[in-house]
Amino acid sequence: MNKTYDVTALGELLIDFTENGLSGSGNPLLEANPGGAPCNVLSMLNNYGRKTAFIGKVGEDMFGRMLYDVVKGVGIDVRNLCMDKTVHTTLAFVHTYPDGDRDFSFYRNPGADMMLCKDDVDKDLIESSRVFHFGTLSSTHEGNREATRYAIDVAKKAGDVISFDPNLRENLWESLDDVRAEIEYGMSVCDMLKISDNEVEFMCGTDDYDKGAQMLIDKYQIPLVLITLGKYGSRGYYKGNKVVAQPFLQEGTIETTGAGDTFCASAIHYVLKYGIDGFDDDKLMELLLHGNAAASLITTRKGALKVMPTTDEIEQLLKARL
């Protein structure tokens, strides 16, 4: 089968309203940043020179048209970005804490990304991709869950490498049991798992991340597990070996939105470079360090999708710090 795309991702595409100072009257100013984890990942992959495509849905409204133009503008194929005539584009309001961490308030009841259905999914696009990437937010409701399951089945049959990032957002689910079930499903089908420290704690009930990683590997037989630890760096687990990579802390950190997505994109790039079966400790360390460096750079910028770091910026940071 002719694999003309490096990565196709399916999931949410939305507007992140981020705080941007106060008006002359003392009211908070909000900046409309294009967001959504899957397209953040694809945008960074484009900076690595990868050919990418997105499957999702936005509203046929001002924000939906803006998102369509932005995603197309960064080089992501938008042939399967659908427009919903009746449901508005999903919105998220981001509150940033002094340390750069953040909380999300979603306006998504419903939101257009939830309206993606099985019939919307371009089967040929997935079959012509080397990697298929997804998270859990495309499975919060019955219709988009069916679309996601269908896309994964197509990807599996086509021999795609399956990349999964749980992207836990507890307030978007009716129950924690539902989100656990979807994360478990994602783990059961993926070849590469990118998971954050709080998600390991949520799924495994431990903050011993080595123990948590081994639990997941033993249960789901995942070839490559990557744990992001924020300001403590990252760890990679592959064929019984563990590699630990240092963080690249930035004095200019303003928010952490997109850091995990940037890391995830770097990881997928190296899976494409070496193959899911092609890692040793040195190559895994290369993956982790590039991911950490890229993630640190995005924390110095507002938003993510439009401001992903270039490979030159990543290399300069690596040379300066290592």
Karplus-derived 3J(HN,Hα) from phi for the stretch 73-79 (6.51 cos²θ - 1.76 cosθ + 1.60, θ = phi - 60°), whole Hz, x at Gly and Pro, runs x, 8, x, 7, 5, 10, 4
Hull shadow area, averaged, the stretch 153-267 [alpha-carbon convex hull, nm²]
8.1
Please list log₁₀ I(q)/I(0) at q = 0.07 Å⁻¹ for the chain, using the Debye equation with identical point scatterers on the alpha-carbon positions.
-0.25
Which residues does the label zone of Asn2 cover in the stretch 52-70, counting backbone N under 17 Å from a point 7 Å along Cα→Cβ?
52
What three numbers, in Å, describe the spread of the alpha carbons of the stretch 1-114 along their principal axes, ordered from the longest?
58, 35, 21
If we count GluC sites (Glu not before Pro) as exposed when they sit in a DSSP loop and have at most 11 other beta carbons within 10 Å, what is the longest stretch of the chain that avoids them all?
1-173
Within the set Ala181, Ala265, Ala158, GNM on the chain using Cα springs under 10 Å gives the largest fluctuation to Ala181
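Around Thr52, with a cut-off of 9 angstrom between Cβ atoms, what is the net charge of the other residues, counting Lys and Arg +1 and Asp and Glu -1?
0
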Once Lys118 and Ala181 are pulled to full extension, the length gained, defined as 0.36 nm per residue separation minus their Cα-Cα distance, is 20.7 nm
Taking the convex hull of Cα positions in the stretch 51-100, its mean projected area over all directions (nm²)
4.7
Under 5 Å between amide hydrogens, which residues at least 5 positions from Lys51 or on another chain qualify, with H placed 1.01 Å from N in the peptide plane?
Asp6, Val7
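Return an integer: the convex hull volume of the alpha-carbon atoms of the stretch 247-317, in Å³ per residue.
Spread over its residues, the Cα hull of the stretch 247-317 gives 80 Å³ apiece.
If neighbour count is taken as other Cβ atoms inside 10 Å, put Cys39, Cys117 in order from fewest to most.
Exposure proxy ranking, most exposed first: Cys117, Cys39.
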Name the residue from Phe104, Leu29, Val78 whose Cα lies farthest towards the positive end of the charge dipole of the stretch 1-140, charges +1 on Cβ of Lys and Arg and -1 on Cβ of Asp and Glu.
Val78
Would you kindly state how much longer the chain becomes between Thr300 and Leu22 on full extension, computed as 0.36 nm times their sequence separation minus their alpha carbon distance, in nm to one decimal?
98.1 nm
If neighbour count is taken as other Cβ atoms inside 10 Å, put Val161, Val58 in order from fewest to most.
Val161, Val58
Remind me, relative contact order of the stretch 217-322 in percent, using alpha carbon pairs under 8 angstrom and six or more residues apart?
28
What's the exposure ranking of Cys264, Cys204, Cys82, going from fewest to most Cβ atoms within 10 Å?
Cys204, Cys82, Cys264
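Report the extension gain between Glu146 and Glu174 in nm, rounded to one decimal, defined as 0.36 nm multiplied by the number of residues separating them, less their alpha carbon distance.
Additional length available on full extension: 8.4 nm.
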Arg321 paired with Met66, simple spin-label distance in nm, labels 7 Å along Cα-to-beta-carbon
3.1
Could you check the simple spin-label distance between Gln246 and Asp208, using points 7 Å along Cα→Cβ, in nm with one decimal?
2.8
Lys pairs under 22 Å by Cα in the stretch 84-219, provided they are eight or more residues apart or on distinct chains
10
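Throughout, read-outs are computed from the coordinates displayed, never taken from laboratory work. This is a predicted model, so every value here is computed, not measured. Note that each Cβ is placed from the backbone with ideal geometry, even for glycine, and that neighbours are counted across all protein chains shown.
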